[in-house]
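The values are calculated or read from the model by the stated rules, or taken from the named source; none is laboratory data. Note that the coordinates shown come from a computational prediction; the quantities given were computed from them, not determined experimentally. Neighbour counts are summed over all protein chains in view; Cβ atoms, including those assigned to glycine, are modelled from backbone coordinates with ideal geometry.
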Amino acid sequence: GLQPGQDVVASVCCYCGTGCGVRIHTAGRRVIQVAGDPDHPSSLGKLCSKGMALAQTVRNDDSRVLGARWRPHKNGPQRPIALEAAFDLAADKLAQVIQSDGADAIGFYLSGQLLTEDYAVFNKLARALVGTNNIDTNSRLCMSSAVSGYKATLGADAPPACYEDLDSADTVLIAGSNMAYAHPVLFRRLAHAKAARPDMKIIVVDPRRTDTCDIADLHLAIAPGTDVALFHAMLNVLIWDGMIDARYIQQSTQGFDDLKRRIHEFTPRAVQDICGVAAEDIARAARWFGSANAALSLYAMGLNQSSSGTAKNATLIHLHLATGQIGMKGAGPFSLTGQPNAMGGREAGGMANLLPGHRDPANAQHRHEVAALWGVEALPSSPGHTAIDMFDAVLQGKIKVLWIAATNPAQSMPDQSKIRAALRKAEMVIVQEAFANTETLAYADLVLPAATWPEKEGTVTNSERRISRVRAAIAPAGEAMADWKLACAIAQRLAARIAPHKRALFDYPDEAAIFGEHARCTAGRDLDYSALSYAVLDAEGPQQWPYSAQTQGTARLYEDGRFPTGNRRARFMDVGYTPLAENISAQYPLHLTTGRLRDQWHTMSRTGLVPALTRHAEEPFVALNKADMRRFRLASDALVKVKSRRGHIILPARACDSVRPGQAFIPMHWGSGFIAGDGINALATSARDPISHQPELKHSAVGIEIP
Ligand code: SF4
């Protein structure tokens, strides 16, 4: 029971795309406890170690950005400045650059940590006021290949399954996901289902033997980057063994015959050397998939963070289309979203190649529709830069002002030396940030204090398309403001300078009004949730889109075998296997893969504040197989220099059975504060997928030296 003066607020965990419901207990202005919310339908009261430690991350001391800071000269120190003056400085510079160099000299680099309302305001600011499509987010590093994979095959960016399907699947294919660490609450749900129904078959596709393999019946330890060859070979087996659903293919899909011709050569025996797994195991995986009453695939960054990420996603989805394993209980391809609100960001159109309501800025009709919804004459038609291109454009002097919110590109982007050079080169870098410890703050010319969880109101959408209310439990620290409020404050000043009639576009009384405008943008689209409002969410609880007042939310998509493509048929993508962007060589003989640890999140700006979370792994390390420790004559914990074609870092080496010979693994979390060099992404390549533009953060060729 609550003591006098205590309160409890229902909200959502701010870390991964599982989107677990939390109850935040407060006393006065302090958060005293965070517990799982048994009423949240996605998580049923469960939390992982990160969610359970949330109360310990709530700060209002100097670990937070408490006020605005400004440096008039690039190499000078940042000094405190009044918030109002900071807004004026930003508006002055934006107006000057728009007038002298054009709207495309401005770039916005946002984050899947933002709430949908933040996204909606930034998107309107970039396109309707500034007049540029240069708005992209760190979701480009996270889910953009899942988006393009869904769109290429199913016709829309919409995960078709739901969490309940984990309970009822017969075969679960987990590919490129260490869900035991990255989505722990879902992993436990699956482990529980497997314990209750031991006949359930679990196949894990991962170069490493991760903790997720603990519940696997079959681990396919494929060579990094060879997923497409594997999925083609599995489809080959399904066809030859007569396990495809010819009726479903005929009625609900197109393009199967072309793909069938292409994968003719991809027999298990032909790909076993490419993938590094036995032909028999590939055939077994295919048969388990093909003979299941319900087959579910769960996948994440191992497929997405790849120079062939779209193809990997599409070829996995092919297995479902060919067997009709989609649109029914326990079945379907199901991307596990990395960030808490990468989904909501996409719904709000917060990426260069998206507009609100899953629209496309290259489509004149879509631009016209959104302009009408926003009440402006027109939207810009020139293509916007995606994440890596945006930093390239800064380096080339094309983008002069970079506005960064809730993300840490000076650690999280690949090819760090290039990113940092771009940050140094920009005429003005605006960074709105909550935590004082991020690498990117050192490159900011103007720092704005951002409110963060649990100081913000809004909504997020989790992996199963469920929209939940995020609620503020305490007031923001210092002078911090919600990201959308910071954006509106500058937008109104900018409008006064360049287009006074647009000032009212940013006159929102509260988050509910922003959500209302955003929800109206979804009307008539695949994700239609125009009937949702804060009042409905508060009364009915979290809802899965599409949502209508009559039928309420939607657990599964495509139950009728009809897809949001022109002719209502899903598409098989005629795509081949492309090897990794970067091969190993005598100088760089190891395949480096990267991944999460159980108790850390991204660049640790929040989780790094909690000693209990750091105990699981206290320092960065490179994990090598024993054979490679011997080959390089390394003692355990010896400091080594790990070098790629782009940079090097120095960190301890550790023998690890989970890593195969010829491979290396480094957790993704630590930056230059802990590692000699620019952090792990000094090594990573910015080679990217040609369709999704998502970089190959998961793999680079590296060498090892004794420093
Ligand atoms: Fe938070 Fe994800 Fe853990 Fe749930 S599984 S508590 S959303 S980090």
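Structural remarks
- Residue count for region 679-700 satisfying the condition of being out of contact with any strand residue (DSSP E or B) (no Cβ under 7 Å at 6 or more places or on another chain) and either of a type outside the set (Gly, Ala, Ser) or not in a loop (DSSP other than H, G, I, E, B) (or both): 5.
- Per-region count, region 660-692, residues on the phi > 0 side of the Ramachandran plot and buried (at least 23 other Cβ atoms within 10 Å of the Cβ): 1
- Boolean, residue 657 is out of contact with any Gly (no Cβ under 7 Å at 6 or more places or on another chain), outside any helix (DSSP H, G or I) and on the phi > 0 side of the Ramachandran plot: no
- Within region 160-189, tally of residues that are assigned to a strand (DSSP E or B) and away from the ligand (no atom under 16 Å from the Cβ): 4
Yes or no, residue by residue, for (1) outside any loop (DSSP other than H, G, I, E, B); (2) more than 14 Å from the ligand (Cβ to nearest atom):
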{"site": "16", "(1), (2)": "no, no"}
{"site": "22", "(1), (2)": "yes, no"}
{"site": "26", "(1), (2)": "yes, yes"}
{"site": "32", "(1), (2)": "yes, yes"}
{"site": "44", "(1), (2)": "no, no"}
{"site": "50", "(1), (2)": "yes, no"}
{"site": "59", "(1), (2)": "no, yes"}
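- Residue among 474, 430 that alone is at pLDDT 95 or above and either within 18 Å of residue 140 (Cβ to Cβ) or under 23 Å from the mean Cα position of the chain (by Cα) (or both): 430
- All positions within region 542-554 that are in contact (Cβ under 8 Å) with a residue 12 or more places away in the chain and surrounded by fewer than 17 Cβ atoms within 10 Å (Cβ to Cβ): 548, 549, 552
- Tally of residues being in a helix (DSSP H, G or I), farther than 20 Å from residue 461 by Cβ and touching a residue at least 60 places away in the same chain (Cβ under 8 Å) across region 494-540: 8
- Yes/no for residue 625 being within 23 Å of the chain's Cα centre (by Cα) and surrounded by 17 or more Cβ atoms within 10 Å (Cβ to Cβ): no
- Residue pairs whose Cβ atoms lie under 6 Å apart, separated by 6 or more positions or on different chains, with the first residue in region 7-23 and under 16 Å from residue 50 (Cβ atoms) and of a type in the set (Gly, Ala, Ser) and the second at pLDDT 95 or above and within 7 Å of the ligand (Cβ to nearest atom), are 21/43.
- Consider region 83-107 and keep the residues that are over 17 Å from residue 380 (Cα atoms) and of a type in the set (D, E, K, R). The one that is surrounded by the fewest Cβ atoms within 10 Å (Cβ to Cβ) is 84.
- Residue 63, sole failed condition from (1) more than 13 Å from the ligand (Cβ to nearest atom); (2) touching a Phe, Trp or Tyr at 6+ places or on another chain (Cβ under 7 Å); (3) farther than 25 Å from residue 441 by Cα: (3)
- Residues (of a type outside the set (Ser, Thr, Tyr) and within 25 Å of residue 479 (Cα to Cα)) located in region 23-52: 24, 25, 27, 28, 29, 30, 31, 32, 33, 34
- Of residues in region 167-199 being surrounded by 22 or more Cβ atoms within 10 Å (Cβ to Cβ) and under 17 Å from residue 292 (Cα atoms), the one nearest to the chain's Cα centre (by Cα): 174
- Qualifying residues in region 338-380 (those that are of a type in the set (A, V, I, L, M) and part of a helix (DSSP H, G or I)) - the one farthest from residue 532 (Cα to Cα): 364
Results for (1) part of a strand (DSSP E or B); (2) closer than 29 Å to residue 127 by Cβ; (3) out of contact with any strand residue (DSSP E or B) (no Cβ under 6 Å at 6 or more places or on another chain), shown as yes or no for each residue.
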| position | (1), (2), (3) |
| --- | --- |
| 75 | no, no, yes |
| 84 | no, yes, yes |
| 87 | no, yes, yes |
| 95 | no, yes, yes |
| 100 | no, yes, yes |
| 107 | yes, yes, no |
